[in-house]
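Okay, so here's the structure we're looking at.
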Amino acid sequence: MKDTGLYLIIAGVAVFVLVFIGKIFSFIANNPILGLALLAIICGVILLLLNMIKETKQSKKDEPFRGINK
(Lines give C-alpha, C1' and ligand atoms only; values in the text may rest on other atoms or scores of the structure.)
Protein backbone atom coordinates (compact mmCIF):
# COMPACT_ATOMS: atom_id res chain seq x y z
CA MET A 1 0.00 0.00 0.00
CA LYS A 2 2.85 2.34 0.88
CA ASP A 3 4.62 1.62 -2.41
CA THR A 4 1.45 2.19 -4.41
CA GLY A 5 0.96 5.59 -2.79
CA LEU A 6 4.55 6.56 -3.55
CA TYR A 7 4.19 5.47 -7.19
CA LEU A 8 0.97 7.44 -7.56
CA ILE A 9 2.62 10.56 -6.14
CA ILE A 10 5.61 10.21 -8.48
CA ALA A 11 3.33 9.62 -11.49
CA GLY A 12 1.19 12.65 -10.58
CA VAL A 13 4.22 14.91 -10.24
CA ALA A 14 5.63 13.61 -13.54
CA VAL A 15 2.36 14.33 -15.38
CA PHE A 16 2.13 17.77 -13.76
CA VAL A 17 5.70 18.63 -14.80
CA LEU A 18 5.18 17.38 -18.37
CA VAL A 19 2.00 19.45 -18.79
CA PHE A 20 3.70 22.51 -17.30
CA ILE A 21 6.70 22.17 -19.62
CA GLY A 22 4.35 21.65 -22.57
CA LYS A 23 2.51 24.88 -21.73
CA ILE A 24 5.81 26.78 -21.54
CA PHE A 25 6.98 25.41 -24.91
CA SER A 26 3.65 26.19 -26.57
CA PHE A 27 3.79 29.75 -25.21
CA ILE A 28 7.33 30.19 -26.56
CA ALA A 29 6.36 28.67 -29.90
CA ASN A 30 3.47 31.14 -30.27
CA ASN A 31 5.78 34.13 -29.67
CA PRO A 32 8.68 34.25 -32.16
CA ILE A 33 10.54 36.93 -30.18
CA LEU A 34 10.60 34.64 -27.14
CA GLY A 35 11.79 31.79 -29.36
CA LEU A 36 14.71 33.89 -30.58
CA ALA A 37 15.49 34.94 -27.02
CA LEU A 38 15.50 31.31 -25.88
CA LEU A 39 17.78 30.40 -28.79
CA ALA A 40 20.18 33.21 -27.86
CA ILE A 41 20.23 32.07 -24.21
CA ILE A 42 20.92 28.45 -25.18
CA CYS A 43 23.73 29.48 -27.55
CA GLY A 44 25.25 31.72 -24.87
CA VAL A 45 25.20 28.92 -22.29
CA ILE A 46 26.84 26.52 -24.75
CA LEU A 47 29.57 29.05 -25.58
CA LEU A 48 30.25 29.71 -21.89
CA LEU A 49 30.48 25.99 -21.12
CA LEU A 50 32.86 25.40 -24.03
CA ASN A 51 35.03 28.30 -22.85
CA MET A 52 35.10 26.92 -19.29
CA ILE A 53 36.13 23.48 -20.55
CA LYS A 54 38.89 25.01 -22.68
CA GLU A 55 40.21 27.08 -19.74
CA THR A 56 40.14 24.06 -17.43
CA LYS A 57 42.15 21.97 -19.87
CA GLN A 58 44.65 24.80 -20.32
CA SER A 59 45.05 25.37 -16.58
CA LYS A 60 45.64 21.66 -15.93
CA LYS A 61 48.63 21.79 -18.28
CA ASP A 62 50.16 24.71 -16.34
CA GLU A 63 49.69 23.32 -12.80
CA PRO A 64 52.69 21.77 -11.07
CA PHE A 65 52.46 18.18 -9.88
CA ARG A 66 53.22 18.10 -6.13
CA GLY A 67 55.47 21.11 -6.45
CA ILE A 68 57.38 19.71 -9.44
CA ASN A 69 56.97 21.51 -12.74
CA LYS A 70 56.32 19.33 -15.73
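Can we say residue 41 is exposed (fewer than 10 other Cβ atoms within 10 Å of the Cβ), assigned to a helix (DSSP H, G or I), at pLDDT 90 or above and of a type in the set (Val, Ile, Thr)? Criteria not met by residue 41.
Cβ separations smaller than 6 Å between residues 6+ apart or across chains give the following pairs from segment 1-29 residues that are in a helix (DSSP H, G or I) to residues that are surrounded by 10 or more Cβ atoms within 10 Å (Cβ to Cβ): 28/34; 28/35; 28/38.
Listed by first and then second residue, the pairs linking a residue in segment 49-63 that is on the phi < 0 side of the Ramachandran plot to a residue that is assigned to a helix (DSSP H, G or I), with Cβ atoms under 9 Å apart and 6 or more places separating them unless they lie on different chains, form an empty list.
The values are calculated or read from the model by the stated rules, or taken from the named source; none is laboratory data. Keep in mind it's a predicted model, so treat the numbers as computed, not measured. We place every Cβ from the backbone using ideal geometry, glycine too, and count neighbours over all the protein chains shown.
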